[in-house]
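A.B. asks: Got a structure for you, questions after.
The values are calculated or read from the model by the stated rules, or taken from the named source; none is laboratory data. Values in this document were obtained by computation on a predicted structure and should not be read as measured data. Quick reminder, even Gly has a Cβ in these numbers, built from the backbone with ideal geometry, and neighbours come from all protein chains shown. Remember, those area values only see protein heavy atoms, side chains included, never the ligands or the DNA or RNA. Shrake-Rupley method; radii C 1.70, N 1.55, O 1.52, S 1.80 Å.
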Amino acid sequence: MSAPDHAPAVLRLLDANLDRAREGLRVVEDWCRFGLDRSDLVARLKDLRQRLGVLHADRYKQARHTATDSAAGLGHPAQGQREQPAQVVAANCGRVQEALRVLEEFGRGIDAPLAAEAAAIRYALYDLEVELLRACRGGDQRRQLLATCRLYLITSPSPQLEGMVEAALRGGVRLVQYRAKEGGLGPDGQPLTDAVRLRQAQALRQLCSRHGALFVVNDRIDIALAVDADGVHLGQGDLPPALARQLLGPERLIGRSTHALPQLQQAVADGCDYVGVGPVNATPTKPGREPVGLDYVRQAAAASPIPFFAIGGIDATSLAAVQAAGGERVAVVRAITEAADPEAASRHLLHLLQAGATCEQSAQ
């Protein structure tokens, strides 16, 4: 391999694969930066790229001669089939891994440090690729699960918060919002602090993960990011969804409270993933808020292209009217949090929601 008659070819080969590996890493790095907004992944990819750059010696670059490369510019039909970012990321990870293997095999004879580093980076990329693909698919998986959710549990401060949420999850709830507004009391009866909110959110996030449920934080983007929540829910007076999206990245969910059709339409235009529609009835959760009644539910059923959850004083006794108005999904607080048996209450609500959906499908 290191014989003089092979040396120019090997140098050109090493140069080509160093270029290929570095370019592939840059493609993935830029998607993590601009598409996923994941500075942690960007930093790791940049480190791998820089480690290769240090070893891209001048003698390899000087051996480059594209004009005599018979394979220069060759493509493959598969390249035109990469329509999604995840496909581009997967293809470029594979491209980098292949190039690194070539560097490892042909570099042994003339550049042992390059061969060793190529092997180390290749193994590091195997693990990193899993995280990259998970990050790319994260939004799709969350939105797919969101589309199946019919019952949305919104918490309220309670000494039995974790036990209540776990019971609801056992009962089939697959979408939970942690809501702990200013002025609420912690388990010790004292005003809630951010330290307590963080501990509670971490605990609920772990519970939801174990049950395969989505976990959303009300208002607090900082807490949502700190506990790796699936998204946030914003009120009309909270941060604009566009700014929240910049902070959260494209893969997490953003929900928005709406009280009239123009607000729903604006939420759709802002790229929200779902909306709350209400309050349908007067509720102590929203003191002073005039109920919008079932007319808005009917409007949302006719106009909303994204999932909407009717909310506001809904329980098992009032659910049928909401369903008759076109509400297939509901968000509840007291119907579960104040139930003697939150697990049974969750199962009963889900049964009613499923039965209503089945009847609607049969009618069609």
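A.B. asks: Inside segment 264-347, counting only helices (runs of 4 or more DSSP H) that do not spill past its ends, which hold 1 or more residues that are over 19 Å from VAL165 (Cα atoms) and touching a residue at least 40 places away in the same chain (Cβ under 8 Å)?
C.D. replies: Correct list: 293-303, 319-324.
A.B. asks: Under the condition of being touching a residue at least 24 places away in the same chain (Cβ under 8 Å) and open to solvent by 70 Å² or more (accessible area, probe 1.4 Å), which residue from segment 141-159 is farthest from ARG329 (Cα to Cα)?
C.D. replies: Here the answer is PRO159.
A.B. asks: Being surrounded by 17 or more Cβ atoms within 10 Å (Cβ to Cβ) and either at pLDDT below 85 or more than 22 Å from the chain's Cα centre (by Cα) (or both) is the filter here; which residues of segment 119-131 pass it?
C.D. replies: ALA119, ILE121, ARG122
A.B. asks: Among the helices (runs of 4 or more DSSP H) lying completely within segment 1-118, list those that include at least 1 residues that are at pLDDT below 90.
C.D. replies: 7-30, 39-54, 85-107
A.B. asks: Sticking with this one: Go through (1) of a type outside the set (Ser, Thr, Tyr); (2) crowded, with 18+ Cβ neighbours inside 10 Å; (3) closer than 23 Å to ALA86 by Cα one by one and return the number of the condition LEU52 breaks.
C.D. replies: Going through the list (1) of a type outside the set (Ser, Thr, Tyr); (2) crowded, with 18+ Cβ neighbours inside 10 Å; (3) closer than 23 Å to ALA86 by Cα, LEU52 breaks only (3).
A.B. asks: State the number of residues belonging to segment 276-309 that are closer than 24 Å to GLY184 by Cβ and open to solvent by less than 30 Å² (accessible area, probe 1.4 Å).
C.D. replies: Of the residues in segment 276-309, 6 are closer than 24 Å to GLY184 by Cβ and open to solvent by less than 30 Å² (accessible area, probe 1.4 Å).
A.B. asks: How many residues are in a helix (DSSP H, G or I) and out of contact with any Leu (no Cβ under 7 Å at 6 or more places or on another chain) when one looks only at segment 227-246?
C.D. replies: 4
A.B. asks: Any residue at all in segment 176-193 that's at pLDDT 85 or above and farther than 22 Å from ALA213 by Cβ?
C.D. replies: yes
A.B. asks: Tally up the residues in segment 172-218 that are within 17 Å of LEU145 (Cα to Cα) and assigned to a loop (DSSP other than H, G, I, E, B), please.
C.D. replies: So the count comes out to 6.
A.B. asks: Additional query: Within segment 234-258, can you find the residues that are crowded, with 22+ Cβ neighbours inside 10 Å, over 14 Å from the mean Cα position of the chain (by Cα) and of a type outside the set (S, T, N, Q)?
C.D. replies: LEU234, ARG256, listed by residue number.
A.B. asks: Looking only at segment 55-66, which residues are farther than 11 Å from LEU13 by Cα and open to solvent by 30 Å² or more (accessible area, probe 1.4 Å)? Reasoning before the result, please.
C.D. replies: Let us first name the residues in segment 55-66 that are farther than 11 Å from LEU13 by Cα, namely 55-59, 62, 66.
The answer is LEU55, ALA57, ASP58, ARG59, GLN62, THR66.
A.B. asks: Before we move on, is ALA242 out of contact with any Phe, Trp or Tyr (no Cβ under 8 Å at 6 or more places or on another chain), closer than 19 Å to LEU153 by Cβ and touching a residue at least 24 places away in the same chain (Cβ under 8 Å)?
C.D. replies: Numbers: out of contact with any Phe, Trp or Tyr (no Cβ under 8 Å at 6 or more places or on another chain): yes; closer than 19 Å to LEU153 by Cβ: no; touching a residue at least 24 places away in the same chain (Cβ under 8 Å): yes.
Judged against the criteria, ALA242 is not a match.
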